[in-house]
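Enquirer: Quick one: structure below, then a few questions.
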Amino acid sequence: MLEVYLRKFAIAFLICIVFPIQSQTSPTLEKIRKSKVLTVSVNEFYDPFYIYDPNPNFPGVDVELAQEYAKFLDVDLKIIPLRTFDQHARMLEKGDTQIAMAGISSSISRFKDVYFTDPYLISTPAALVNRLALPPEPEGQIVTVQLFRTLSDLTNLTGISYSVLANSSNHTYLRETFPKAQVFSYFTNDAALGELKKNNVNCFVADSFYIRALLQKDPSLRATYFPILGIVQEDHISMAVAKRDIEFLYNLNFFIKEYKRTGKIQNIANKYFKSNQWIKKNNQ
C-alpha cells in the first residue's frame, strides 16, 4: 500500500517537472486568495507552539509562522486549535483548513493521509528521568563526560518504566528501542507527565521542544528529574497539507526555504526557547 502512495507521488512530481504547463495553478491558493483568508489548524495542547490566552506578542511558534505565511500571501489568518493528528487530517481532507501547523513530526504512516512540507524545525525524542532511578556518580571523581546524553543511553539500565503520548513518534521510538521495557501510553502529554510526578513511572518521554518548554515553565523540575535532550534521531517538524494539491506544497516549501535561509524561522524559535517571556508570570 505504501509503495502505491509513493509511486503516485513520484509520478505527480515527474509530471510537474517534465511538463511545466502554463495553466498550472493551485486550487488551494485560488481559494485562499478568493476568500482572502488562510485557515490553519494548530495543536491546542502544545505550548509554546500554540498558546491559549498568550502574553502580548507571544502567540506561539506555529501561530507566528502562520502569520508570516498569511502576510506572504497578503491575506487574513484564521486559527483553529485541534487535539489530534486525525482531526488535522480530516479538516485538511474536507477543505476546512489549508494547513496543519501543529508541531507535527512527519512519518511514513502519516504520509498515507497527508503531504508533508520540508521540515521547519528538527526535534528528537527526549525525557525527564527521576534522578533516583539513575546510578549515582562515583564519589571522589571528577565527572568529565555526561553519562546520559540521549535516550539510547538508558538501554542498559534496568527498572526504568516510561510514560509517553499514545501513538506519537516518541511512542514508536520507545517500542522499537526498548521492546522489553514497561511503556505506558496516555491520551495527552500532561497525563503522561502526571504519571511521572505521581511516581507511577520514572521516565517521561516527549519531544525535545516539549521538555525544554516544561523546564522553562518550571525550572524546579531539574531538582528531581534529570533532563535528557541529546539527539537520538531526527524528528522533522513539518506542515501538513491535503494530498490533492502539489502546487500548493511547492509554494509552502519555497516559503519555508526562504524563511530558513534568512534566519527568520530560527529567530521565531529562539524567541520562545531561549527566553521565558512567553510564560505568564503566575505560571512561573
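Enquirer: Across the Cα atoms of the stretch 101-140, what radius of gyration and what greatest pairwise Cα-Cα distance (Dmax) are found, in Å?
Expert: Taking only Cα atoms of the stretch 101-140, I get Rg and Dmax of 18.2, 56 Å.
Enquirer: Ok, one more. Please calculate how many Å² of accessible area the chain carries per residue, with a 1.4 Å probe and no DNA, RNA or ligand atoms counted.
Expert: Per residue, the chain has an accessible area of 55 Å².
Enquirer: Determine, from the Cβ-Cβ distance of Ile80 and Asn156 and an R0 of 41 Å, the FRET efficiency 1/(1 + (r/R0)^6), rounded to the nearest 0.05.
Expert: 0.35
Enquirer: Among residues other than Phe49 whose Cβ falls under 13 Å from its Cβ, what is the net charge (Lys/Arg +1, Asp/Glu -1)?
Expert: Net of charged neighbours comes to -3.
Enquirer: Given the Cα-Cα distance of Asp96 and Lys31 and 0.36 nm per residue of separation, how much length would full extension add, in nm?
Expert: 22.3 nm
Enquirer: Given the chain, what percent of its DSSP beta bridges are antiparallel, to the nearest 5?
Expert: Of those bridges, close to 50 percent are antiparallel.
Enquirer: A further question on this structure: If you roll a 1.4 angstrom probe over the protein chains with everything in place, what fraction of the accessible area of the stretch 204-270 belongs to carbon and sulfur, to the nearest %?
Expert: Solvent-exposed carbon and sulfur of the stretch 204-270 make up 53 percent of the total.
Enquirer: Another question, if that's okay. From largest to smallest, what semi-axes in whole angstrom does the stretch 76-124 give when each is the square root of 5 times an eigenvalue of its alpha carbon gyration tensor?
Expert: 18, 14, 10
Enquirer: Also: Gap in Å between the Cα centre of the stretch 165-206 and the Cα centre of the stretch 101-115?
Expert: For the stretch 101-115 versus the stretch 165-206, the Cα centre distance is 20 Å.
Enquirer: Using alpha-carbon pairs under 8 Å, 6+ residues apart, how would you state the relative contact order of the stretch 34-81 in percent?
Expert: This gives 50 percent for the stretch 34-81.
Enquirer: Quote to one decimal, in nm, the extra length available between Arg149 and Asp218 on full extension: 0.36 nm per residue of separation minus the C-alpha distance between them.
Expert: Fully extending the segment from Arg149 to Asp218 adds 22.8 nm.
Enquirer: When the Cα centres of the stretch 218-268 and the stretch 34-57 are compared, how far apart do they sit, in Å?
Expert: If you average the Cα positions of each part, the centres end up 15 Å apart.
Enquirer: Okay, moving on. Starting from the Cα gyration tensor of the stretch 30-117, take the square roots of the eigenvalues, sort them a ≥ b ≥ c, and report rounded, prolate or oblate (rounded when a/c is under 1.5, otherwise prolate if a/b is larger than b/c, else oblate).
Expert: Oblate is the answer for the stretch 30-117, as a/c is 1.5 or above yet b/c matches or exceeds a/b.
Enquirer: May I pose another question? If N is the number of residues in the chain, what value comes out of its Cα radius of gyration divided by 2.2 N^0.38 Å?
Expert: 1.10
Enquirer: Considering the dipole of the chain built from charges on the beta carbon (Lys and Arg +1, Asp and Glu -1) around the Cα centre, which of Gln216, Val42, Asn170 is farthest to its positive end?
Expert: Val42
Enquirer: Separate question: When the helix-only estimate is applied to the chain (DSSP H runs of n ≥ 4, each -39,500 (n - 2.57), divided by the residue count), what is the mean residue ellipticity at 222 nm, nearest 500 deg cm²/dmol?
Expert: Dividing the helical sum by the residues of the chain leaves -11500 deg cm²/dmol.
Enquirer: Which of the aspartates and glutamates could a cross-linker span from Lys243 if the Cα-Cα distance has to be under 17 Å and same-chain partners fewer than 8 positions apart are dropped?
Expert: In chain and number order, the partners are Glu3, Glu30, Asp86, Glu93, Asp96, Asp113, Asp118.
Enquirer: Follow-up. Relative contact order of the chain, please, whole-number percent, based on alpha carbon pairs below 8 angstrom and at least 6 residues apart.
Expert: After rounding, I find 27 percent.
Enquirer: Under the classification rounded if a/c is under 1.5, otherwise prolate if a/b is larger than b/c and oblate if not, where does the stretch 153-284 fall, given a ≥ b ≥ c as square roots of the Cα gyration tensor eigenvalues?
Expert: Oblate, since a/c reaches 1.5 and b/c is not below a/b.
Enquirer: Follow-up question, since we're still on this one. Report the gain in length on full extension from Gln277 to Ile122: 0.36 nm times residue separation, minus Cα-Cα distance, nm rounded to one decimal.
Expert: The Gln277-Ile122 span can extend by a further 53.5 nm.
Enquirer: I want to verify the translational diffusion coefficient of the stretch 215-284 in µm²/s; compute it with Stokes-Einstein, Rh as the Kirkwood radius over Cα pairs, at 37 °C and 0.692 mPa s.
Expert: Roughly 210 µm²/s, to the nearest whole number.
Enquirer: Right, another one. Which of the lysines could a cross-linker bridge to Lys71, judged by Cα under 21 Å and excluding same-chain residues fewer than eight apart?
Expert: Straight-line reach from Lys71, under 21 Å: Lys31, Lys34, Lys36, Lys257, Lys260, Lys264, Lys271.
Enquirer: May I ask you to list the residues of the stretch 156-172 whose amide nitrogen lies under 13 Å from a point 7 Å from Cα along the Cα→beta-carbon direction of Ser107?
Expert: Within reach of a label on Ser107: 164-172.
The values are calculated or read from the model by the stated rules, or taken from the named source; none is laboratory data. Keep in mind the model is a prediction, meaning the values are calculated, not measured. Using ideal geometry, Cβ is built from the backbone for each residue, glycine included, and neighbour counts are taken over all protein chains shown. Calculation scope for accessible area: heavy atoms of the full protein, side chains included, ligands and nucleic acids excluded. Shrake-Rupley method; radii C 1.70, N 1.55, O 1.52, S 1.80 Å.
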